[in-house]
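A short write-up of the structure that comes next.
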Amino acid sequence: MPHSTGGGGSHGGSHHSSHGGSGSSIHYYNSYIPGRHVWVSYVNGQPHYRYTNSRYKETSVTFYVIFFLIFFCTGLSILSSAFPPKKVTVGQTPLTMEDDAKIFSKEEERSLSKAVSSYYDKSGIPVTIKTVKYKKWLKDNGDYGQSKENYAYDTYVGMYPDDETRWLITIWDGEAGDSRAYSFEGIAGDRTDQMLPEETTSKFNSIVSYQLRERYGRKDACSQAFITGFNSIGAAGFNWINFGVAAFWLLMTCGCLIPSIVKAVRNKRKPVSQREHEVDTHGQAPQLVICPYCGGTYVFGETACPHCNAAGLTVYTPPVGTRESFNSNNI
Ligand SMILES: [Zn+2]
């Protein structure tokens, strides 16, 4: 299907091709054939015509503004996610130790507490370490088909029913009859999500697991593994990826929508005579008439004179001596 590629002329302005402006897929034509809609704008009192096959309603300013606000707010929320999250809590006890399995010596507990405290200073997440003898746990729980993860979850809910700020690490010692083997499960409250994203917990888990394997058989294996784990993770930092996405998003939003809004507002402020509008020419090619009030020329079918705003002519009166007068029988 052919489409206008735009053009210009001696009147000083150029007109757009169908690909410009509002992004609508409307096609404009430079010539009239019956059935096409007639669009007129007046420049220096002279009518300029464009033709379309279908009706086209101009997108309203409100539409653009709502569209813009939705996109802009989305951009802002992505941007805010780029900044480091606030500490989850302040002034809590960094480490709560429930060493029921008696895994840690006093000395080890102090070292562990130091590592957790320094993690707490950065994150504000209070840590609870609970140790369980595997054999006893198996007798009490595992034999009934409860997984370690479910047990850890139930323990969290039991200890902190209304607290979503904590990170509970349950450690089993002596798994599968091996008194030197340890396993662990972590459960964290929902409010730690931003500070303790999955990347961080999976890093922590793999470091601790690696250390437990490396130090297998040594007396301080468990405390050293967790100390290394806590020392390796910090607070969530500035997220450059989210920042980049937000910057791109906001630039695109402003770059695409602000010009459209400006254009729509400008168009709205133009006097009717200059604004492009559709004229009902009763299925005829546009023909000019002369306003009996101001003498200005306009297209027959205008509801009001674009120059003086007087009511438009309802009966076609060809201007004397113009080519249009030969067409008068058509009306
Ligand atoms: Zn007039």
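FYI, it's all coordinate maths here, none of it is from the lab. None of these values were measured; they are calculated from a predicted model. Here the Cβ positions follow ideal geometry from the backbone for every residue, glycine too, while neighbour counts run over all protein chains shown.
Among the GluC sites (Glu not before Pro) in the range 144-237, those located in a DSSP loop and surrounded by at most 16 other Cβ atoms within 10 Å of their own Cβ are 164.
Restricting the calculation to Cα atoms, the range 195-326 yields a radius of gyration followed by a Dmax of 37.6, 113 Å. For the range 38-125, the list of trypsin sites (Lys or Arg not before Pro) that fall in a loop by DSSP and count at most 12 other C-beta atoms within 10 angstrom reads 55, 57, 86, 102.
Semi-axis lengths, largest first, of the ellipsoid equivalent to the range 40-189 are 63, 21, 12 Å, with √(5λ) applied to each eigenvalue of the Cα gyration tensor. Extension gain for residue 262-residue 97 works out to 53.1 nm (0.36 nm per residue, less the C-alpha to C-alpha distance). The chymotrypsin sites (Phe, Trp or Tyr not before Pro) of the range 219-265 that meet both conditions, a loop assignment by DSSP and at most 10 other Cβ atoms within 10 Å of the site Cβ, are 238.
The calculated FRET efficiency for the pair residue 203 and residue 180, based on their C-beta separation and a Förster distance of 22 Å, comes to about 0.35. Under 22 Å of direct C-alpha separation, and excluding same-chain neighbours fewer than eight residues apart, residue 268 reaches these lysines: 57. Simple spin-label estimate for residue 243 and residue 317 gives 7.2 nm between the two label positions (7 Å along the Cα-to-Cβ direction from each Cα).
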